[in-house]
1. Taking region 15-49 on its own, how many of its residues are of a type in the set (V, I, T), part of a loop (DSSP other than H, G, I, E, B) and surrounded by 10 or more Cβ atoms within 10 Å (Cβ to Cβ)?
2. Any idea which residue in region 1-14 is modelled with the highest pLDDT, counting only those that are part of a loop (DSSP other than H, G, I, E, B) and not aliphatic (A, V, I, L, M)?
3. In the list G28, G34, which residue meets the criterion of being modelled with pLDDT of 90 or more and of a type in the set (G, A, S)?
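The values are calculated or read from the model by the stated rules, or taken from the named source; none is laboratory data. Keep in mind that what you see is a predicted model, and the values were worked out from it rather than measured. Counting neighbours? That spans all protein chains shown, and the Cβs are built from the backbone with ideal geometry, glycine included.
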Amino acid sequence: MAREGMNQMLHWQDKPLIGVVHLKPLPGAPRFEGSMNEVCAAAVADAQA
């Protein structure tokens, strides 16, 4: 069922766009610093770039 959903999501138009959003280290990771708000803000900035 998950595969069918993924196929529908990717084939809703002729040329789907697939991208990656890079995240800063998350809580529990050795290099995590700051807050989740900072992680989310950086992810949004990466997505908009």
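1. Initial filter on region 15-49 (of a type in the set (V, I, T)): 18, 20-21, 39, 44.
Now drop any that are not part of a loop (DSSP other than H, G, I, E, B), which leaves 18, 20-21.
Pick out the ones that are also surrounded by 10 or more Cβ atoms within 10 Å (Cβ to Cβ) and you get 21.
Qualifying residue count for the region: 1.
2. Residues of region 1-14 part of a loop (DSSP other than H, G, I, E, B): 1, 11-14.
Now narrow it down to the ones that are not aliphatic (A, V, I, L, M): 11-14.
On the way: H11: 69, W12: 67, Q13: 67, D14: 73.
Only one residue fits best here, namely D14.
3. Working: G34 fails: modelled with pLDDT of 90 or more.
Answer to the check: G28.
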